[in-house]
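Take a look at the structure below.
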Amino acid sequence: MEEREGEVRWDGLCSRDAATRAAALDTIGQAVLRRSETIAPVAAEPPTRAADGLLVPAARDGLSEVLARLLMLSKRCPFPDVREKSEAILSGVQELGIRIPRPLGHGPSRFIPEKEMIQVGNEDAMMHTLFADSFAMLGRLDNVTLVMVFHPQYLESFLKTQHYLLQMDGPLPLHYRHYIGIMAAARHQCSYLVNLHVNDFLHVGGDPKWLNGLENAPQKLQNLGELNKMLAHRPWLITKEHIEQLLKTEENSWSLAELIHAVVLLTHYHSLASFTFGCGISPEIDCEGGHTFRPPSVSNYCICDITNGYHGVDEIHASPAVGIPVKTFFPLLKSTESVCEVKALMEKMKQLQECRDEEEASQEEMATRFEREKRESMFVCSSEDEESAPTRDVSRHFEDTSYGYKDFSRHGMHVPTFRVQDYSWEDHGYSLVNRLYPDVGQLLDEKFHIAYNLTYNTMAMHKDVDTSMLRRAIWNYIHCMFGIRYDDYDYGEINQLLDRSFKVYIKTVVCTPEKTTKRMYDSFWRQFEHSEKVHVNLLLVEARMQAELLYALRAITRYMT
């Protein structure tokens, strides 16, 4: 285990071999305790001491970052030996009179009570394997994984795909992959993903100067900014001319294979930003906003935490102003009104199925219903919808900060409907991706199918329910917002199955995810389980990703032909 300029190396902890982990932990423990012992008052700059006399590590000595990493490992590592030893190292540091950090917030999601989530260390064998795989691949068990594990089959496919895109052989070098992830996440001001990939970018040898702003990155990556912008906010505007500009810029040109890799990464992280905001993912424990060195007060939080939006457990459960955890007040949520909502939705599904069996609408009527739904989707917006300027630390990773989502037929601008019968993922996109970036088409196809077909045949408290009609309505509504039409689908079903609060949530998470609030999350499907709401988010993630890919791949196909 190396120490470079005071750095501690963590690689050995990802090993599945207990002896390798033990050796790594011993080396880390010795390095941390050595560094802790050397911290002493400097004549010109005395160290900060808390009210209780404990020394607060200064940011400049790097110890605070190491202690935050150990805190994360003590809470979120799937290997018990690492959790226990990390806690012991922290205790040893505290015994030297140095303050150690504590977690902020209460679990992986701000929207889902921690006690309703799977606790690390209490998972079953299948989930433990997934956690161990994730930790081995990423060096962490992140909050996205801990929320996605409500649906293990999907999580396995997601992790496999993400690992291939970021770490396996491919057209782009590793540091480019993480930088593209930063560019994509930054378009939605997703500091959670930006922070993770800044660390990964530096870990694989990326140039720190690039992180000062997109203008400091190579021209080749700067040229990708326009495509990133359109894919994230207005993918229907992408043309073969945009593709040509990237492929024919002499020394800064992209190869077709590199461009496919970049497009898949951009769409992956745009949609993952939607999931991050849609499920209220909390900052990682070892990242900014995930821990504090402040001492807890008697009531387990200090006034500084309250002003920053972090509340004690008791305070959250006591105050209705910050939202009632779903299962803590189950009788309250499962009111007569909510139960009636479920029954009404199931009744509508039954009636629509009967109508399907009795008669089928004409093609003209189907087209009219699509155009009506597409037009109506433009006027679905939240009362909380307002412009928010991106913070500097995120906006520096992309250009044109004012460019955002715009409905495609506003201001008289007309964009032709994208007919899936003319260009589809199954018949066109899949083979193009697989040809230029082998195996990725197959991985994406598997992930799309798992999300679309995933079902437990339940709806809230009801069992043995066929939810295929509802899942298709959600998927097709998202594609409808992007102008994508399925000729064989009756878009009249969408208004029957998706109420206004649900449409507001879907449109916000898909188009402007950074504006998603807990109120929006709580207001739709109030009687459903959190796992069902996470399932909705998986549908949103994959439908959005596929919509972006369809526009980009169609433009690439047109360039090639």
Roughly how compact is the stretch 425-477, stated as its Cα Rg over 2.2 N^0.38 Å to two decimals? 1.48
Can you give me the Cα centroid spacing of the stretch 461-537 and the stretch 92-146 in angstrom? 29 Å
Under the rule of at least 5 residues apart or a separate chain, name every residue whose amide H is placed under 5 Å from the amide H of I238. none
Can you give me the long-range amide H partners of S109? Hydrogens built in the peptide plane at 1.01 Å from N, cutoff under 5 Å, separation of 5 or more residues or another chain. S282
The FRET efficiency for R9 and A344, from their Cβ-Cβ distance with R0 = 56 Å and rounded to 0.05, is 0.45
What's the magnitude of the charge dipole for the stretch 419-561 around its Cα centre, counting Lys and Arg as +1 and Asp and Glu as -1 at the beta-carbon? Answer in Debye, nearest 20. 620 debye
For I98, what residues show an amide H to amide H distance below 5 Å, using hydrogens built from the backbone and excluding near sequence neighbours? L55
Using a 1.4 Å probe on the protein chains only, how many percent of the accessible area of the stretch 134-272 belongs to carbon and sulfur? 47 percent
Computed label-point distance, nm, for sites E37 and H203 using a 7 Å Cα→Cβ extension: 3.0 nm
Using θ = phi - 60° and Karplus 6.51 cos²θ - 1.76 cosθ + 1.60, couplings along the stretch 20-31 (whole Hz; Gly, Pro as x): 5, 5, 4, 5, 5, 5, 4, 5, 4, x, 5, 5
About the Cα centre of the stretch 123-251, what is the dipole size in debye to 20, counting +1 per Lys and Arg Cβ and -1 per Asp and Glu Cβ, all else neutral? 320 debye
Between R558 and E114, 0.36 nm times their residue separation minus their Cα-Cα distance comes to what? 155.0 nm
For the stretch 119-162, just the Cα atoms, rotate onto the principal axes and tell me the three extents in Å, largest first. 26, 21, 17
Inverse mean reciprocal Cα-Cα distance (Kirkwood Rh) of the stretch 451-544, Å: 13.7 Å
If one computes the Cα centroid of the stretch 200-218 and of the stretch 239-285, what distance in Å separates the two points? 17 Å
Per residue of the stretch 140-157, what does 6.51 cos²θ - 1.76 cosθ + 1.60 with θ = phi - 60° give for ³J(HN,Hα)? Whole Hz please, x for Gly and Pro, Karplus curve as stated. 7, 10, 7, 5, 4, 4, 5, 8, 5, 5, 3, 10, x, 4, 5, 4, 4, 5
Could you name the lysines whose alpha carbon sits less than 25 Å from that of K160, not counting residues in the same chain fewer than 8 places away? K75, K447, K533
From the P(r) of the stretch 103-213, could you give the percentage of C-alpha pairs in the tail past 22 Å? 39 percent
Note: the stretch 456-504, point scatterers on Cα, Debye, no solvent; log10 I/I(0) at q = 0.14, 0.26, 0.31 Å⁻¹ equals -0.39, -1.03, -1.20
Full extension from M469 to A361: what is 0.36 nm times the residue separation minus their Cα-Cα distance, to one decimal in nm? 37.2 nm
Could you order peptides 91-104, 136-149 by the average number of other Cβ atoms within 10 Å of their residues, highest first? 136-149, 91-104
Could the peptides 68-80, 425-437 be put in order, highest first, of the mean number of other beta-carbon atoms found within 10 Å of their residues? 68-80, 425-437
Gain in span if fully extended, H163 to A88, counting 0.36 nm per residue against the direct Cα distance: 23.8 nm
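The values are calculated or read from the model by the stated rules, or taken from the named source; none is laboratory data. Because the structure is predicted, anything quoted here is derived from the model rather than measured. Note: ideal-geometry Cβ built from the backbone for every residue, glycine included; neighbour counts use all protein chains shown. Just so you know, the surface numbers come from the protein's heavy atoms only, side chains and all, with ligands and any DNA or RNA stripped out. Shrake-Rupley method; radii C 1.70, N 1.55, O 1.52, S 1.80 Å.
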